[in-house]
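Visitor: Quick one: structure below, then a few questions.
Values quoted throughout were computed directly from the atomic coordinates according to the rules given, and no laboratory measurement underlies them. What you see is a predicted model, and the numbers here were worked out from it, not measured in a lab. All Cβ positions, glycine included, derive from the backbone under ideal geometry; neighbour counts span all protein chains shown.
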Amino acid sequence: MGWLKRKADPLQTRERDLNTQIAELEARIRRLSAQLPARPSSPVGTAASPRTAPPAAPGGGPVRPREVPSRPAVTPPMPRPAPKPAAVVPEPAAHPELYNELGVRKFDLAGAWRRLTAWWQPQPPSNPLLVKYLAYGGLREPVALRFEKRVARNRFLVLVGAFLVVLWILLTLVRNNQ
């Protein structure tokens with residue numbers, strides 16, 4: 001049984017699942033956008049796409065041409081946000097304790113450890129609030145706390161009763177053997 005185990009929080013489990021799904025979708029989007037060739041946009045109804053004459057009606061009369069719904073004008077794609085500026089690298093004169101007498105940077109054990117641990121940790125989601133909203137929206141209503149307390153109380157009472165029954169059996173066996 002899992003008495004000493006802590007139960008997994010369903011919200012954190014759902015958040016973790018959604019994070020992996022978002023990461024998979026973002027990777028798929030990147031992969032598909034890299035495969036998509038850049039093609040020039042052509043206006044609708046140009047000479048590049050000639051139309052054929054409409055067929056005759058079954059009764060032999062002229063056929064009314066169907067009205068083709070006009071497509072909205074193609075809007076230019078939204079501009080991408082500007083890239084973040086690169087981290088500022090300190091000058092050797094600004095932090096002389098990081099460099100030895102030959103001007104070579106000293107080994108930074110704490111920094112190397114942080115880089116190593118960051119490499120093993122998953123990247124945080126690009127929009128953590130979205131993940132939380134999705135996690136809260138995708139679950140059933142939480143169970144009432146008094147119901148959980150009642151279940152825990154009943155479990156405790158059953159265990160205490162079983163302990164008392166075993167203790168009573170042991171005492172009667174000891175008393176009969178004397």
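Visitor: Length gain on complete extension for the stretch Leu32 to Leu145, per 0.36 nm per residue less the alpha carbon to alpha carbon distance?
Guide: 36.0 nm
Visitor: Then there is this: Show me 155-163, 15-23, 101-109, 123-131 ranked by packing, highest mean number of other Cβ atoms within 10 Å first. Please report the intermediate quantities before stating the final value.
Guide: Numbers: 155-163: 10.1, 15-23: 15.3, 101-109: 8.1, 123-131: 11.9.
With the highest mean Cβ count within 10 Å placed first, the list reads 15-23, 123-131, 155-163, 101-109.
Visitor: Could you tell me the calculated FRET efficiency between Glu24 and Gln121, based on Cβ-Cβ distance and R0 = 22 angstrom, to the nearest 0.05?
Guide: Working: r = 18 Å, r/R0 = 0.81.
With R0 = 22 Å, the Cβ-Cβ based efficiency is 0.80.
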